[in-house]
Every structure is written in C-alpha cells, then in structure tokens.
Amino acid sequence: MKFSISLLAASLATADGSAWGNLRRHLSYEKVATYSPGSQVTDHCAIDRDQRALEIELARKTNESWQNAQQIYLQGGNSKSYALITLSEPLRSDVPKGTKVTGVNADGNEVSGKMYSATTSGTVNVKIQYATTDVQDSYVQCQVGALVGEDVNLSGCFAGGENSITIGSDVYTYTYEPETENKNGRTISGFSTQLEDKLKNGPGAPYADFEYFRKYYGTSDYADQWVNAAFEGGRTSFTNGNADFSQYSMEGREQIIKKGTAYMNVFMYVIREFEDALDDCKRGCINCNDDPVHAWDEGVCFYAGSLEGQDGTPSGYLLHQLADKRSENYRTGGPDGTDIDGQSKVNYDLMDKFSLGNYQLQAGNCPSARKTKEQIAQLMYIPMIQGSLRYAYKVDKLQGGEKEAAEGAAFAAAVLPRIHAASPEAATKIYNSLRVGATNTNAAEVKAAFESVYPQLGLTCADIGGLWNEAAKTYYPGMDPCVDASTNQVVTKTNSTLAIALGTSFGVLFAVALIAILYMRSREKQGSPVFKTEGEEANFN
C-alpha cells in the first residue's frame, strides 16, 4: 500500500499527541487486503463466504441448487452466527444485550457467546450470538444458516438435544437442533432490505449516493427486488430501469444474480457503513470515536471480504476483486494506472483513502473524513462503468450471447442511477442498449454516453482507460481511452500559445535579417562593404 505519511500527518492536524497512542492501540488486528482496521471485523469480512457459497450453487444450474442459492442469499450462513435455543424455564430476570453466555459443543468443549439482544424476563426462546476471534481463518466455528454440504461447520456450535447453558450467572437447561436452529443475523439480502431504515430514514439523511438509486428505481430495496425477480424468472416494477428476466434462461439469470448481489446489494451497504461512521463522528474528539472507526472498518470489510487475504492478492468475490479484474481489461493496473496486471489503480487509491478516513475519524477530523468518503464513492463507480462498456462491446462487436448480454445488463443496473442523476438522456441511451432484452446494442453510443458525464462523476478518461486487446497488444477498435475536454482545452491553448510565440519569434528574426540585409547593401553602395575579400583587406591596410 502506498499510503503517505504526509497524508497521515495532515489528517491528524487537529489532534494532540495522545492520538498516536490511540492509533498504535488499534493497529494490532489482521489486515484486510492491506488495510489495517482499528477494530475486530473478522465476522463482518466473512460475508463474502456467503457470496462464494451462493455462486457455487448457482453454477450447478439445477432447480434444487438454485433454491439453495436463494436461501443462502436470504438466510446467510457465515456472518453473525447465533443459536436460537428454547429454555426449559423462562428467564428469571431481564438480560442486557451482550451478556456473556457459556455452554459446550458436542465434544464437551466450552463454547462462548453473548446475548444477541436485550431480552426481558419471562422469555423462553432466546438468541445467543457466537463469540468471534481476531483471526480470520478461525473467526467462528459455527457456520450453518442455509449453507449446504461441506460449507456447514457444527464443530463450534452449542451441543444439541437437552443440555445446560450459563447466561450471566444463571444456569438453565435448554433444547435445540443444531442443524436447523443455528441462524445468521447478517445476510446479503439484508444489505438491501435494511436500507429503508438505515439510509432513507437515517440520522444524516438524505445520503447522496443512496438517493440516486432510490429515486431512479423508486424504492429503497431495489437490489433485493432485482435479485429475487431474477431467481424467480419474473420482472421488476421500478420507476426506471425495469427488467423482465423471463427472457433469460439460467445462463443469463445466473449472471444477473451473482453480479446483483455483489455489485448492488453489497455496493450500497459499503457506502452505508461509511455514512454511519460519519454520522457518529465527534469533531475534535480523540478518544471517543471508536464506534465510527468500527463502522468504517466494517465498510472496508464489506468492500474487500475475507478471501482477499491480508495482502489483497488472492481471488475474492466482492468489489475489491471486481476492480482488479476490470483493470486487466482496461490496462489500469498498478499505482499509476498503466499496467495490464497486478492490483488495480482503483484499489491502490481506495486503500489509501480507506486508511486516511480511518485516521481522520480517530482524530475527530469529521469534515475531512466526509470529503474522503465522497472521493471513495466516486472511485467505486469505475469498475461498474468499465464492466458496462466491456459487455456492450462484446454484444455489439464480438457476437456475445445471452451470458454477455446479461452481464452488461447487470453492470448497467449497478451504475445507471448515478448516470441518470448527471444526465437522464445519457442514462436512457445506456439503458436502451444494455437493458434485459435489448434488441440493439450500440457500443459506440454507450461509450459516448458514459464519457459525457465523467466530469459530473468526478472521473477522468484516464480513470476508465480503454478496452485492451492483450492478444493484439492494442485497444479494441473504437474503445481507446477518451481524452478529457479539459485536457483538450489545455492542449489547444498550449498549442495556440506556442504558435503565437513561434510566430512572433520568427517575425522578429525576419525583421532583424531584413534590416541587416538593407544595411549591408547600403554599405556596399558607399564603397565600404561589411565583408571584404583578402585582397581588398590588404589594400585597405
């Protein structure tokens, strides 16, 4: 990661020396794709394991596997695991959220957890959330939910049947079935269905990026509706951007679903976590921003996931992996955005800004953190634009079929609301070419429409790059990187200035030469030429 110490120093300009101790105290957690979180977020990062499990079931393309995939989408299996147990007697008193709970697994080894939520006395059915660790590879050992086959892990679950458990200091007898009553409180579906409360009605509402999507689609849970309609082979009922998935077989709908879950559900929830951090940020306070930092860390986790590892090089399933994949197609890899492989410039830039935002929050520099969040959101749209352009070209020029058309439709759906906010006309052109069931896809028109709004999106032509043909070592015809209007103006102005300067210089030189010639002719007429032959020089002497 190329994070600059000068940026860190600038971000802490409002803080006193105690901030450094605070920073050091929070730099002991495992990295998330090179980012150093200030809190434990291993359980949050694991949401990408749901995405992986979902994609595996989708790829089987059977009715049963698709039912499994939809249940994984709806119920999860890897994040925020909890047991739903039935006590043999009601709770004897109110129990606060987070109260420690201990029991044993099937082998008699201790299992720890905490009360999922505040629970009143007299309750019989209680939720106990499993304890998680700082180590990503072993963050939790009870993973059930809607998972199937080898993904199910019961080794760290509470023992089934009739057993005892300690809640606080009270011992209770309970019953439950581990295979069916271990559930999950964090799901990819929930990332969309919760937006109504968390963003539409959030304390800092309206939130700009969310409002682009809510207004365009006409609903807060647009992503959930999109994905479920694709699972069912139905159609959406949006204000704009509708799709009829009955026109696709499983081949096309698979692309719609797996890209929709990652690039629509997860995308907006990443931004939601950053907004949550900013809502809670206390300006100028050094030791009271742990909650905002935790929310910020969660946002980074949802962006990268757990499968990217600590250095960000393994293959993941969420937005970090998408940015790296698209940079290979557009030759925008490396810190300078000119490489064909390696980490994308988008991820280099985002990881810098994730770290900067973390430090700004810890320092209580809330206004600067908000600016950083806005820059992050701008960068996150880049792979969506690249994906839309790539599949528009594949369908238009490379005889792409249903799969490629569906991929184009999915990428477009993930960015159209932002384009529409900048230019409804541009969004309409893109939608007409890339919508589900489009009869004509015009890649050149799609490219021009996107390029027309780059300035409003805070992006440049270099940010997007051009669609690269590695086999031919050149850009695909018509898909070269564009040139920014501002760059053209600078070049034109520079060329004009240069032309004027050269013209003036040549004019002056011509005038001087003319004067010199006239002077020499005058001297010759007077019998005293400026230049003499050797004989003339001797006679003169």
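The values are calculated or read from the model by the stated rules, or taken from the named source; none is laboratory data. Computed from a prediction, not measured in an experiment: that's the story for all the values here. We place every Cβ from the backbone using ideal geometry, glycine too, and count neighbours over all the protein chains shown. Protein only, heavy atoms only, side chains kept; ligands, DNA and RNA dropped before computing areas. Shrake-Rupley method; radii C 1.70, N 1.55, O 1.52, S 1.80 Å.
Here are the numbers:
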item: First in the stretch 310-325 and at positive phi and touching a residue at least 60 places away in the same chain (Cβ under 8 Å), second anywhere and open to solvent by less than 10 Å² (accessible area, probe 1.4 Å) and in a helix (DSSP H, G or I), Cβ under 8 Å, 6 or more apart; result: G312/A304; G312/H320; G312/N347; G312/M351
item: Every residue from the stretch 423-444 that is crowded, with 17+ Cβ neighbours inside 10 Å, of a type outside the set (S, T, N, Q) and assigned to a helix (DSSP H, G or I); result: A426, A427, K429, I430, Y431, L434, A443
item: Answer residue from the stretch 388-399, given it is in contact (Cβ under 8 Å) with a residue 40 or more places away in the chain and over 12 Å from I430 (Cβ atoms) and is surrounded by the fewest Cβ atoms within 10 Å (Cβ to Cβ) among those; result: K397
item: Residue ranges of helices (runs of 4 or more DSSP H) in the stretch 269-383 with at least 2 members within 20 Å of Y207 (Cα to Cα) and hydroxyl-bearing (S, T, Y); result: 366-380
item: Residue in the stretch 339-352 that is farthest from N329 (Cα to Cα), counting only those that are in contact (Cβ under 8 Å) with a residue 24 or more places away in the chain and surrounded by fewer than 22 Cβ atoms within 10 Å (Cβ to Cβ); result: D352
item: Of residues in the stretch 457-485 being in contact (Cβ under 8 Å) with a residue 60 or more places away in the chain and among the aromatic types (F, W, Y), the one least open to solvent (accessible area, probe 1.4 Å); result: W468
